[in-house]
1. Give the long-range amide H neighbours of F53: residues separated by 5 or more places, or on another chain, with amide H under 5 Å away, using H modelled in the peptide plane at 1.01 Å from N.
2. Label-point separation (nm) for V88 and M104, each offset 7 Å from Cα along Cα-to-Cβ?
3. Does region 51-91 classify as rounded, prolate or oblate by the C-alpha gyration tensor (a ≥ b ≥ c root eigenvalues; a/c under 1.5 gives rounded; else a/b over b/c gives prolate, otherwise oblate)?
Amino acid sequence: MAHLIFVDEDDDDWFDVTALAYDAVRIDASMTPTVVCSDASSSPVISDRENGFVFESRNVQSLVNCIDMVLRERWLADACVDRASRCVKESYSERVIVNRIVGMYENELNR
């Protein structure tokens, strides 16, 4: 079962759709393949076919192709999830964020 969340960034509306398609995906943000629009704020963090999938803005066929790839190329989707999970742990974990904030304050205090 795949859990898809569609976000309309213009209206801040969330459209939550559960699809019976990709049974290996757990409904957990860190274990779900990420599919983002090329002009979404998260697209600089997501590298296509590296740690997620990026579709062209306002291009329905591009979105369909990304979703199709997630569903058909399970090995690739799983590899993207693994790399995304590693990236989150290395760059966005609580410890890393706290250390960055502390470092910023220390730099300001030492000026």
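Each value in this text was obtained by applying a stated rule to the coordinates, not by laboratory testing. The structure displayed is predicted, hence computed values, not measured ones. Ideal geometry is used to build each Cβ from the backbone, glycine not excepted, and the neighbour counts take in all protein chains shown.
1. Here T34, V35, V36 satisfy the definition.
2. Each label point is offset 7 Å from its Cα along the Cβ direction, giving 2.2 nm.
3. On the way: a/c = 5.52, a/b = 1.65, b/c = 3.34.
It comes out oblate by the Cα gyration axes.
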